[in-house]
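Structure first, commentary second.
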Amino acid sequence: MIDYQVYKFIHLAGILMVFFSLGGVVMHVANGGSRDNAFRKVAAITHGIGLVLVLVAGFGMLARLGIHWPWPGWVAAKFVLWIIFGAALFMIYRFAHHARLLWWILLALAILTVYIVMFKPF
Ligand code: HEM
(Lines give C-alpha, C1' and ligand atoms only; values in the text may rest on other atoms or scores of the structure.)
Protein backbone atom coordinates (compact mmCIF):
# COMPACT_ATOMS: atom_id res chain seq x y z
CA MET A 1 0.00 0.00 0.00
CA ILE A 2 1.43 3.41 -1.03
CA ASP A 3 1.48 5.73 1.98
CA TYR A 4 0.35 9.33 2.17
CA GLN A 5 3.90 10.80 2.18
CA VAL A 6 4.83 8.94 -1.02
CA TYR A 7 1.64 10.21 -2.70
CA LYS A 8 2.45 13.76 -1.59
CA PHE A 9 5.99 13.45 -2.99
CA ILE A 10 4.58 12.28 -6.35
CA HIS A 11 1.92 15.04 -6.23
CA LEU A 12 4.52 17.76 -5.68
CA ALA A 13 6.84 16.31 -8.36
CA GLY A 14 3.90 16.42 -10.80
CA ILE A 15 3.17 20.03 -9.85
CA LEU A 16 6.80 20.98 -10.59
CA MET A 17 6.56 19.31 -14.00
CA VAL A 18 3.31 21.10 -14.88
CA PHE A 19 4.55 24.58 -13.95
CA PHE A 20 8.07 24.06 -15.32
CA SER A 21 6.59 23.36 -18.75
CA LEU A 22 3.90 26.07 -18.56
CA GLY A 23 6.47 28.70 -17.55
CA GLY A 24 8.79 27.68 -20.36
CA VAL A 25 6.05 27.76 -22.99
CA VAL A 26 4.69 31.15 -21.83
CA MET A 27 8.23 32.59 -21.95
CA HIS A 28 8.78 31.16 -25.45
CA VAL A 29 5.48 32.55 -26.77
CA ALA A 30 5.91 35.91 -24.97
CA ASN A 31 9.17 36.28 -26.90
CA GLY A 32 7.37 35.78 -30.18
CA GLY A 33 7.93 32.03 -30.43
CA SER A 34 5.34 29.89 -32.26
CA ARG A 35 3.73 26.50 -31.73
CA ASP A 36 6.20 24.97 -34.21
CA ASN A 37 9.37 24.73 -32.14
CA ALA A 38 11.87 21.94 -31.63
CA PHE A 39 11.14 21.66 -27.89
CA ARG A 40 7.34 21.59 -28.19
CA LYS A 41 6.97 17.81 -27.74
CA VAL A 42 9.21 17.72 -24.66
CA ALA A 43 7.23 20.55 -23.02
CA ALA A 44 3.91 18.87 -23.87
CA ILE A 45 5.02 15.44 -22.60
CA THR A 46 6.39 16.97 -19.36
CA HIS A 47 3.11 18.84 -18.88
CA GLY A 48 1.01 15.74 -19.61
CA ILE A 49 2.92 13.38 -17.34
CA GLY A 50 2.89 16.05 -14.61
CA LEU A 51 -0.90 16.39 -14.86
CA VAL A 52 -1.37 12.62 -14.55
CA LEU A 53 0.95 12.45 -11.51
CA VAL A 54 -0.90 15.35 -9.83
CA LEU A 55 -4.26 13.66 -10.44
CA VAL A 56 -3.34 10.09 -9.45
CA ALA A 57 -1.36 11.10 -6.35
CA GLY A 58 -4.02 13.67 -5.43
CA PHE A 59 -6.69 10.98 -5.39
CA GLY A 60 -4.29 8.69 -3.56
CA MET A 61 -4.00 11.26 -0.79
CA LEU A 62 -7.77 11.72 -0.73
CA ALA A 63 -8.09 7.98 -0.14
CA ARG A 64 -5.50 8.02 2.64
CA LEU A 65 -7.31 10.99 4.25
CA GLY A 66 -10.62 9.11 3.98
CA ILE A 67 -12.16 11.87 1.82
CA HIS A 68 -14.83 10.55 -0.54
CA TRP A 69 -17.60 11.95 -2.74
CA PRO A 70 -19.24 14.41 -2.23
CA TRP A 71 -15.95 16.30 -2.12
CA PRO A 72 -15.39 19.19 0.25
CA GLY A 73 -15.22 22.58 -1.49
CA TRP A 74 -11.40 22.74 -1.44
CA VAL A 75 -11.06 19.47 -3.35
CA ALA A 76 -13.67 20.50 -5.96
CA ALA A 77 -11.90 23.83 -6.41
CA LYS A 78 -8.52 22.15 -6.86
CA PHE A 79 -10.02 19.77 -9.43
CA VAL A 80 -11.36 22.72 -11.46
CA LEU A 81 -7.96 24.45 -11.21
CA TRP A 82 -6.27 21.22 -12.35
CA ILE A 83 -8.48 21.25 -15.47
CA ILE A 84 -7.51 24.91 -16.10
CA PHE A 85 -3.78 24.06 -15.76
CA GLY A 86 -4.42 21.17 -18.16
CA ALA A 87 -6.03 23.41 -20.79
CA ALA A 88 -3.45 26.17 -20.19
CA LEU A 89 -0.85 24.69 -22.55
CA PHE A 90 -3.33 24.96 -25.44
CA MET A 91 -4.54 28.39 -24.33
CA ILE A 92 -0.99 29.83 -24.28
CA TYR A 93 -0.53 29.03 -27.98
CA ARG A 94 -4.15 29.98 -28.81
CA PHE A 95 -3.94 33.39 -27.08
CA ALA A 96 -0.25 34.04 -27.82
CA HIS A 97 -0.84 37.82 -28.00
CA HIS A 98 -1.87 37.68 -24.33
CA ALA A 99 1.12 35.58 -23.23
CA ARG A 100 2.38 38.21 -20.78
CA LEU A 101 -1.05 38.38 -19.11
CA LEU A 102 -1.26 34.59 -19.02
CA TRP A 103 2.12 34.54 -17.18
CA TRP A 104 0.58 36.48 -14.26
CA ILE A 105 -2.82 34.74 -14.38
CA LEU A 106 -1.27 31.23 -14.25
CA LEU A 107 1.08 32.28 -11.45
CA ALA A 108 -1.81 33.76 -9.45
CA LEU A 109 -3.94 30.62 -9.98
CA ALA A 110 -1.02 28.39 -8.88
CA ILE A 111 -0.57 30.42 -5.67
CA LEU A 112 -4.34 30.37 -5.11
CA THR A 113 -4.30 26.55 -5.40
CA VAL A 114 -1.59 26.27 -2.74
CA TYR A 115 -3.56 28.69 -0.52
CA ILE A 116 -6.74 26.60 -0.95
CA VAL A 117 -5.05 23.31 -0.02
CA MET A 118 -3.09 24.72 2.92
CA PHE A 119 -5.89 26.80 4.53
CA LYS A 120 -8.95 24.93 3.15
CA PRO A 121 -11.15 28.09 3.29
CA PHE A 122 -14.19 26.14 2.06
C1 HEM B 1 -7.08 16.72 -9.32
C2 HEM B 1 -6.65 17.71 -8.66
C3 HEM B 1 -6.05 17.63 -7.26
C4 HEM B 1 -6.39 16.85 -6.18
C5 HEM B 1 -7.47 15.76 -6.11
C6 HEM B 1 -5.50 17.23 -5.08
C7 HEM B 1 -5.54 16.67 -3.81
C8 HEM B 1 -4.66 16.99 -2.79
C9 HEM B 1 -4.71 16.42 -1.45
C10 HEM B 1 -5.74 15.42 -0.96
C11 HEM B 1 -3.69 16.95 -0.74
C12 HEM B 1 -3.33 16.69 0.74
C13 HEM B 1 -4.03 17.72 1.57
C14 HEM B 1 -3.81 17.53 3.06
O15 HEM B 1 -3.04 16.68 3.47
O16 HEM B 1 -4.42 18.29 3.84
C17 HEM B 1 -2.97 17.85 -1.63
C18 HEM B 1 -1.85 18.54 -1.26
C19 HEM B 1 -1.29 19.50 -2.06
N20 HEM B 1 -1.70 19.89 -3.32
FE21 HEM B 1 -3.12 19.01 -4.44
N22 HEM B 1 -4.64 18.21 -5.51
C23 HEM B 1 -4.95 18.49 -6.83
C24 HEM B 1 -4.35 19.40 -7.64
C25 HEM B 1 -3.35 20.24 -7.22
C26 HEM B 1 -2.78 21.27 -8.05
C27 HEM B 1 -3.17 21.57 -9.49
C28 HEM B 1 -1.83 21.92 -7.31
C29 HEM B 1 -0.97 23.05 -7.83
C30 HEM B 1 -0.52 24.06 -7.26
C31 HEM B 1 -1.81 21.27 -5.98
C32 HEM B 1 -1.00 21.62 -4.92
C33 HEM B 1 -0.90 20.93 -3.72
C34 HEM B 1 0.09 21.21 -2.67
C35 HEM B 1 1.18 22.27 -2.73
C36 HEM B 1 -0.16 20.30 -1.63
C37 HEM B 1 0.62 20.16 -0.29
C38 HEM B 1 -0.06 21.01 0.74
C39 HEM B 1 0.54 20.79 2.13
O40 HEM B 1 1.60 20.23 2.29
O41 HEM B 1 -0.13 21.20 3.10
N42 HEM B 1 -2.74 20.25 -5.97
N43 HEM B 1 -3.59 17.86 -2.87
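Per residue, the chain exposes 64 Å² of accessible surface when a 1.4 Å probe is rolled over the protein heavy atoms with every protein chain present. For the stretch 1-97, the carbon plus sulfur part of the accessible surface works out to 74%, probe radius 1.4 Å.
A full extension of the chain between residue 1 and residue 49 corresponds to an added length of 15.1 nm, given 0.36 nm per residue minus the alpha carbon distance.
A straight line joining the Cα centroids of the stretch 20-67 and the stretch 68-122 runs 12 Å. Taking the Cα centre of the stretch 1-115 as reference, the dipole from Cβ charges on Lys and Arg (+1) and Asp and Glu (-1) amounts to some 160 debye. Considering the zone a paramagnetic label at residue 34 would reach in this model (a point 7 Å from Cα along the Cα-to-Cβ line), which residues of the stretch 93-122 have amide N under 11 Å from it? In the stretch 93-122, the label zone of residue 34 (backbone N under 11 Å from the point 7 Å along Cα→Cβ) covers no residue.
Taking a ≥ b ≥ c as the square roots of the Cα gyration tensor eigenvalues, the stretch 4-119 comes out prolate, since a/c reaches at least 1.5 and a/b is larger than b/c. For the chain, the mean residue ellipticity at 222 nm estimated from helices alone is -27500 deg cm²/dmol, where every DSSP H run of n ≥ 4 contributes -39500 (n - 2.57) and the total is divided by all residues, rounded to the nearest 500.
The values are calculated or read from the model by the stated rules, or taken from the named source; none is laboratory data. From a predicted model like this one, the values you see are computed outputs, not experimental measurements. A quick note on method: Cβ atoms are made from the backbone with ideal geometry, for glycine too, and the neighbour counts reach across all protein chains shown. These accessible areas exclude ligands, DNA and RNA; they are computed on the full protein's heavy atoms, side chains included. Shrake-Rupley method; radii C 1.70, N 1.55, O 1.52, S 1.80 Å.
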